[in-house]
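Presented below is the structure to which this report refers.
The values are calculated or read from the model by the stated rules, or taken from the named source; none is laboratory data. Since we're looking at a predicted model, the values are computed, not measured. All Cβ positions, even for glycine, are placed from backbone atoms using ideal geometry, and neighbour counts span all protein chains on display.
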Amino acid sequence: MDVPEIVSVEPKISLRGVEKIFGEGESATVALEKLDLDIQESSFVTLVGASGCGKSTLLRIIGGLDYQTGGEVFANGKQVTGPGADRAVVFQQYSLFPWLTVNQNIRFSRLLKASRGDWTSAEVEAASGRADALLNLMGLARAANSYPNQLSGGMQQRVAIARALMPRPPVLLMDEPFGALDTQTREVMHDLILHVFNLEKSTIVFVTHDVEEAIYLGNRVVVMAPRPGRIDSIHEVSLPEKRTQDMKLSPEFIAMKREIVERIRETSGMKTDFELLEKLSRQASL
Ligand SMILES: Nc1ncnc2c1ncn2[C@@H]1O[C@H](COP(=O)(O)OP(=O)(O)O)[C@@H](O)[C@H]1O
Ligand SMILES: [Mg+2]
């Protein structure tokens with residue numbers, strides 16, 4: 001008799017009753033209210049919603065950069081109690097070391113480890129190969145010896161992503177990473193990050209206020225609502241796995257965009273598309 005294969009269905013990230021309250025008494029803000037969410041391994045989940053609905057707070061809590069005031073967070077089978085090498089974070093600000101070259105920025109975490117002397121030469125060699133592969137993958141080979149201030153915003157963000165990917169983190173957390181880039185550069189970055197996702201099979205949680213970006217990148221779009229910060233709805237994206245820019249013009253894509261914009265509009269108390277657009281674009285320029 002065949003023994004059935006045991007398939008692990010444990011989610012990669014699990015949030016149970018997560019609550020975050022900033023401040024106390026009258027001035028308390030409920031940034032997240034009793035939030036439950038499961039994120040499966042190797043999925044690309046996007047969090048979208050109006051400004052102030054708790055997207056960044058949620059991402060920071062998963063990253064262990066901030067603590068919830070209630071509930072539990074699990075990642076990679078362990079309770080999250082602080083930052084860890086298993087969860088890399090990329091922010092809108094590139095946060096590169098300006099005094100290090102592109103190459104040195106990418107190798108930074110490995111250099112630290114090697115300098116502590118707990119590495120064999122084979123490990124040093126393997127890390128070096130990975131850094132070279134990432135330089136190539138991110139189209140940075142020719143900029144390897146440049147300093148961050150010599151690069152465009154798009155190139156700097158590629159370096160930040162390559163640096164985050166260096167230790168092969170099973171979970172990659174991104175908070176509006178392309179928010180400061182122009183439309184064309186963003187589109188290139190979208191296809192690049194999807195390519196990276198397919199190659200590395202990491203689990204990505206990506207925060208954005210851009211509905212189109214959320215649908216194009218995500219397998220699932222989680223719509224959040226403000227006051228108190230919570231999950232409004234979850235939308236499965238049924239586009240073909242291999243995305244192409246022209247899919248944004250498909251009836252499916254447009255229908256989904258309309259549905260999500262409608263949810264954001266309704267939950268953020270904005271009556272017209274114009275108000276919503278204004279609010280979202282104000283957020284983009286912050
Ligand atoms: N450090 C903080 N102190 C007090 N309030 C905060 C702090 N960080 C965020 N908030 C509040 O929590 C809510 C959610 O913020 P945030 O997670 O940044 O939302 P988003 O990223 O969706 O714009 C907002 O009302 C914000 O003002
Ligand atoms: Mg934010």
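Pairs are defined by a Cβ separation below 7 Å, a sequence spacing of at least 6 or placement on different chains, a first member in the range 81-95 that is buried (at least 19 other Cβ atoms within 10 Å of the Cβ), and a second member that is among the polar types (S, T, N, Q); the pairs so defined are TYR94/GLN156; TYR94/GLN157. On inspection, ASN198 qualifies as in a helix (DSSP H, G or I) and either surrounded by fewer than 18 Cβ atoms within 10 Å (Cβ to Cβ) or aliphatic (A, V, I, L, M) (or both). Could you say whether any residue in the range 15-24 is touching a residue at least 40 places away in the same chain (Cβ under 8 Å), away from ligand 1 (no atom under 16 Å from the Cβ) and either closer than 18 Å to MET224 by Cα or within 16 Å of the chain's Cα centre (by Cα) (or both)? So far as the range 15-24 goes, yes, one or more of its residues are touching a residue at least 40 places away in the same chain (Cβ under 8 Å), away from ligand 1 (no atom under 16 Å from the Cβ) and either closer than 18 Å to MET224 by Cα or within 16 Å of the chain's Cα centre (by Cα) (or both). Within the option set GLU33, GLU72, being within 14 Å of ligand 1 (Cβ to nearest atom), among the charged types (D, E, K, R), in a strand (DSSP E or B) and in contact (Cβ under 8 Å) with a residue 12 or more places away in the chain holds for one residue only, GLU33.
Have a look at ARG282, ARG220, ARG230, ARG265 and point out the one that is at pLDDT 95 or above, closer than 23 Å to GLY54 by Cβ, within 16 Å of ligand 1 (Cβ to nearest atom) and not small (Gly, Ala, Ser). Lay out the reasoning, then the answer.
On the way: ARG282 fails: at pLDDT 95 or above; ARG220 fails: within 16 Å of ligand 1 (Cβ to nearest atom); ARG265 fails: at pLDDT 95 or above.
Just one listed residue meets the conditions, ARG230.
Evaluate the range 116-132: report whether one residue or more is touching a Phe, Trp or Tyr at 6+ places or on another chain (Cβ under 6 Å), on the phi < 0 side of the Ramachandran plot and of a type outside the set (Ser, Thr, Tyr).
Scanning the range 116-132 turns up no residue that is touching a Phe, Trp or Tyr at 6+ places or on another chain (Cβ under 6 Å), on the phi < 0 side of the Ramachandran plot and of a type outside the set (Ser, Thr, Tyr).
Count of the range 36-84 residues, restricted to those that are closer than 18 Å to ARG168 by Cα and touching a helix residue (DSSP H, G or I) at 6+ places or on another chain (Cβ under 8 Å), is 2.
The residues in the range 207-217 that are closer than 18 Å to GLU262 by Cβ and away from ligand 1 (no atom under 16 Å from the Cβ) can be counted, and the count is 2.
Name the single residue that is nearest to ligand 2 (Cβ to nearest atom) among those in the range 176-192 being crowded, with 22+ Cβ neighbours inside 10 Å and either of a type outside the set (Phe, Trp, Tyr) or assigned to a strand (DSSP E or B) (or both). First the steps, then the outcome.
Filtering the range 176-192 down to residues crowded, with 22+ Cβ neighbours inside 10 Å leaves 176-178.
Now restrict to residues that are either of a type outside the set (Phe, Trp, Tyr) or assigned to a strand (DSSP E or B) (or both): 176-177.
Values: GLU176: 6, PRO177: 12 Å.
Top of the filtered list is GLU176.
If the condition is being touching a residue at least 40 places away in the same chain (Cβ under 8 Å), within 12 Å of ligand 1 (Cβ to nearest atom), surrounded by fewer than 23 Cβ atoms within 10 Å (Cβ to Cβ) and part of a loop (DSSP other than H, G, I, E, B), then the range 36-66 contributes ALA50, SER51, GLY52, ASP66.
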